[in-house]
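Reading through the structure tokens given below for one structure.
Please treat every number below as a calculation from the coordinates, not as lab data. The structure displayed is predicted, hence computed values, not measured ones. Neighbour counts run over all protein chains shown; Cβ positions are idealised from the backbone, glycine included.
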Amino acid sequence: MIRKILLIPIIASIVFIFGCKGSSDSCCTITPPATGTVSDAPILTSPGSRIAINNDLSFTYAFDKKPALGTAILKIQVFDKSGKQVSDLAITGDSGMPSMKGHHDSGDVAFQKNRKGDYLMPVQIVMPGDWAVRVKIAKDGAHIYTGLIRFDV
Ligand SMILES: [Cu+2]
């Protein structure tokens, strides 16, 4: 604030800035949060633990190795209430760096199923830092879950 004022060369500008500051404060209080931020989905940071999708389904995720520069394979396994593995879902992942929005985003990539019914997605890690994969799960064409897997490289 003080620094700002020192940068303003003439008094008329100072008066003008104070006027604007008042209105921008009131404007900010009604500005809704930006869409597409990481807070619009549960943030997942525990590979291997069971995560609920809904009352019937849950899943686990894991990387084939500790994520490092290069390709990491993200594996998702979905289970029904009885613990039986389920493989009739469609899962997509969008990988990128939350701190560098848009720079490395993969866009929605479909997970591929292996014979066991595991869902697999290669994640291209091109630089160290904070990474995330936004995972979306659909059943019978209807979206049922979004979660954000976060990890650091
Ligand atoms: Cu980056």
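A few comments on the model shown:
- Tally, over region 112-131, of residues that are within 16 Å of the ligand (Cβ to nearest atom) and over 21 Å from Phe151 (Cα atoms): 0
- Restricting attention to region 72-107 and to residues that are within 16 Å of the ligand (Cβ to nearest atom) and assigned to a strand (DSSP E or B), the residue that is farthest from Pro128 (Cα to Cα) turns out to be Asp94.
- Of the listed requirements (1) away from the ligand (no atom under 15 Å from the Cβ); (2) over 16 Å from Ile51 (Cβ atoms), Leu69 misses just one: (1).
- When region 111-121 is filtered for residues that are at negative phi and either in a loop (DSSP other than H, G, I, E, B) or under 16 Å from the mean Cα position of the chain (by Cα) (or both), the ones remaining, listed by number, are Phe111, Asn114, Arg115, Lys116, Asp118, Met121.
- Candidates Arg134, Arg50, filtered to the one that is touching a Ser or Thr at 6+ places or on another chain (Cβ under 7 Å) and surrounded by 15 or more Cβ atoms within 10 Å (Cβ to Cβ): Arg134
- Checked against (1) under 19 Å from Pro47 (Cα atoms); (2) assigned to a strand (DSSP E or B), His143 passes all but condition (1).
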